[in-house]
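Working notes, structure below.
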Amino acid sequence: MSAEEDYFYNKITDDKGNRKWLYPLIRIGQWYRYRSVVSYILLLFLFAAPFVKINGNQFMLFNIIERKFILFGQVFWPQDFFIFVLLMLTGLVSIVLFTNAFGRIFCGWICPQTIFLEMIFRRIEVWIEGEPAARKKLDNAPWTQEKIIKKTSKHILYVLISFLIANTFLAYVIGSDQLFQIVTQPISQHLSGFISIWIFTGAFYYVFAHFRELVCTLACPYGRLQGVMLDKNSLVVAYHYLRGEPRGRIKKNDPNLQPMGDCVDCNLCVAVCPTGIDIREGTQLECVNCTACIDACNQVMDKIDRPRNLIGYYSEEMIKKNETPKFTFRMKAYTFIIIAMLSVSMYFIWSRKDIDVTVLRAAGSLYQEQPNGYISNLYTAEFINKTTKDMDVDVVPENKSIKIKWVQNIGEVKREGSNKATFFVMMPEKNIRDSKTSVTLLIKQKGKTVEKVKTNFLGPVN
Ligand code: SF4
Ligand code: SF4
């Protein structure tokens, strides 16, 4: 085992190699309140998004099995794959730039793992089992009636919430309508769906009841990549060692009293840490930037009448130069790039058409001479309805002198379906000036133009 691995495993295991079970303290402060508000908004979104419908479409759906994706009520088809690639690229670049500028803000403020664990499961634990000392005592106590009642009620609540999360998760993957059928119809009709719900319930229960912070410190690849994404200018939760050191307890009436830094070595910042680290040892991979230590330390600073933010959002450079946190040029530039990329992706999402039309001149055919001085070209077309409503579509040439003669009409294009059609485009020979003429076809739905398609028309050269 390398020195780094040894150092890491020492942090999460005790002398006997068993996992160190953490009993973090909750200290409600300014940052905890901000995080709570953000968490409530995100939780509301997370639980509501697969059940809200826009024009009959689920607001968010990621059906990998049927390759059907809906973002903000817009259905995405394999033809829209480029938007997905663009979104993925935007996400990837944003994560790297954002992390480089603002550290692990995502982990502490947005990640569902942190939100569920700290804002729901931890609160239930504190509510039922009490403060850290009481929780530890209860864990070490024999199985008395009190312990059985407390542990059973806690784990029943955990299973219920995990069940809720599993259902929501499946609503994102298979769709809320199908989930509703699984839940309301006999089990025998949806055995695999029923088993899936309970497998996911078990997985979520295990993560939030047992695996907990190890998701962030051991399993999460994003967490493991911090080392390469952060640099000395990244804004992270950090201890201002210039202010804090030399640390030591305040001893009044001590004749040998040495001038001390602001850190009174109370260890409160360690006690509140959900990953069990001491932020005073410097930036560590295990730190999820949850701000709990900032709140705890600020309360200590208030008590001893010292300025707040001994622990706060700083970059290594800011601490070295003794600067206060500020929105640097680099942060502004990265923020601008991220907003610009997101705006471009959003533009493509919102400007997507409801119908996708492909018009091709019939392979191998040139032009045909028709009665009454017309020249025709034969075309095949495909119409893909990307909406959840059936569509009546018509094709009308933009140039009024051109006519359409149907061989195979479009018919009604069913919801989320596609139809093929074959038709002649007929142009008066007197209007043909070149061997290739550009023709614009208007795709109309209920008399309204929903798409314009350009194609080439071949004709005789006079
Ligand atoms: S909470 Fe603040 S004062 Fe107490 S040990 Fe941590 S850094 Fe020092
Ligand atoms: S060191 Fe502070 S910010 Fe980092 S995980 Fe621990 S409590 Fe949260």
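Once C-alpha pairs closer than 8 Å and six or more residues apart are averaged by separation and normalised to the residue number of the chain, the relative contact order reads 14 percent. Estimated from the Cβ-Cβ distance and a Förster radius of 51 angstrom, the FRET efficiency linking Ser365 and Gln145 is about 0.05. Within the same chain, lysines fewer than 8 places from Lys150 are excluded, and of the rest, those with a Cα less than 17 Å from its Cα are Lys136, Lys137.
What nm value, rounded to one decimal, do you get for the distance between Lys232 and Arg33 when each label is placed 7 Å out toward the C-beta? Output for this residue pair reads 3.7 nm.
Calculated FRET efficiency, Val183 to Lys389, Cβ-Cβ distance, R0 = 22 Å: about 0.25 to the nearest 0.05. For the stretch 355-458, the convex hull drawn through the C-alpha positions has a volume of 90 cubic angstrom per residue. Cβ under 10 Å from Gly223's Cβ, Gly223 left aside: what net charge do those residues give with Lys, Arg +1 and Asp, Glu -1? The answer is +1.
Partnerless cysteines in the chain, where a partner means another cysteine C-beta under 4.7 angstrom, comprise Cys107, Cys111, Cys216, Cys220, Cys263, Cys266, Cys273, Cys287, Cys290, Cys297. Annotation for the stretch 53-84 versus the stretch 377-448: alpha-carbon center distance of 27 Å.
Look at the dipole of the chain built from charges on Cβ: of Leu458, Ser196, Gln185, the Cα furthest out on the positive end belongs to Leu458. Which net charge results for the neighbourhood of Asp390, defined as the other residues with beta-carbon distances under 9 angstrom from its beta-carbon, given Lys and Arg at +1 and Asp and Glu at -1? Residues close to Asp390 contribute a combined charge of +1.
Working ranking of peptides 225-237, 307-319 by packing, defined as the average number of other Cβ atoms within 10 Å per residue, highest first, is 307-319, 225-237. When peptides 414-423, 283-292 are sorted by average Cβ neighbour count within 10 Å, with the highest value leading, the order is 283-292, 414-423.
With kT/(6 pi eta Rh) evaluated at 20 °C and eta = 1.002 mPa s, and Rh the Kirkwood radius from Cα pairs, the chain diffuses with a coefficient of 78 µm²/s according to Stokes-Einstein.
Working from label points 7 Å from Cα in the Cα-to-Cβ sense, the Ile337 to Asp265 distance is 4.4 nm. Structure note, pairs Lys386/Lys454; Lys53/Lys448; Lys403/Lys444; Lys20/Lys147; Lys20/Lys154; Lys353/Lys446: Cα-Cα distances above 18 angstrom occur for Lys386/Lys454; Lys53/Lys448; Lys20/Lys147; Lys20/Lys154. Here the stretch 71-188 is described by how far its Cα atoms reach on the three principal axes: 62, 50, 17 Å, from widest to narrowest. With a length cut of 18 Å (Cα positions projected on each helix's long axis) and a Kyte-Doolittle mean of at least 0.5, go through the chain and give me the DSSP H helices that pass. Helices meeting the span and hydropathy rule in the chain are 30-48, 81-102, 145-174, 191-206, 329-350. Of all lysines in the structure, those lying under 22 Å Cα to Cα from Lys332, and not within fewer than 8 positions of it along the same chain, are Lys232, Lys320, Lys321. Our helix-only sum for the chain, with -39,500 (n - 2.57) per DSSP H run of n ≥ 4 divided by its residues, gives a mean residue ellipticity at 222 nm of -12000 deg cm²/dmol.
A simple spin-label model places pseudo-atoms 7 Å from Cα toward Cβ; at Gln284 and Tyr347 they are separated by 4.6 nm. Here the chain is assigned +1 on the Cβ of each Lys and Arg and -1 on the Cβ of each Asp and Glu. Its dipole about the Cα centre then comes out at about 740 debye.
This model, with +1 at the C-beta of Lys and Arg and -1 at the C-beta of Asp and Glu, gives the stretch 355-458 a dipole about its Cα centre of some 220 debye.
All of the numbers you see were taken from the coordinates with simple rules; none came from a lab. All values derive from a computational prediction rather than experimental measurement. Ideal geometry is used to build each Cβ from the backbone, glycine not excepted, and the neighbour counts take in all protein chains shown.
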